1. State the number of residues belonging to segment 15-40 that are surrounded by 14 or more Cβ atoms within 10 Å (Cβ to Cβ) and either in contact (Cβ under 8 Å) with a residue 40 or more places away in the chain or not in a helix (DSSP H, G or I) (or both).
2. What do you reckon, is L43 within 17 Å of M10 (Cα to Cα), part of a helix (DSSP H, G or I) and modelled with pLDDT of 95 or more?
Amino acid sequence: MAPDPRLASMSPDELRTHMRGLGYRTQAELAEAIGVSRSAVSLWLEGKVGVPRPVAMLLRMLLQAQRRAF
């Protein structure tokens, strides 16, 4: 059985895509929405620190829920 892709971390490009897809224009907006510091989001987008799996999972779930609502 293949691992569930929703449980994987995400690349900086995927994070940027999800961020925009959810309507967050700035790092500060995303940070506030998910309860982390802006500097954490910056480190993830620069690829200096991996996106924590729970955050990646949350963003994927939010984007999926948003798509279902329309």
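The values are calculated or read from the model by the stated rules, or taken from the named source; none is laboratory data. Quantities reported herein were computed from a predicted structural model and do not represent experimental measurements. Positions of Cβ are backbone-derived with ideal geometry, glycine not excepted, and every protein chain shown enters the neighbour counts.
1. 6
2. So L43 passes the test.
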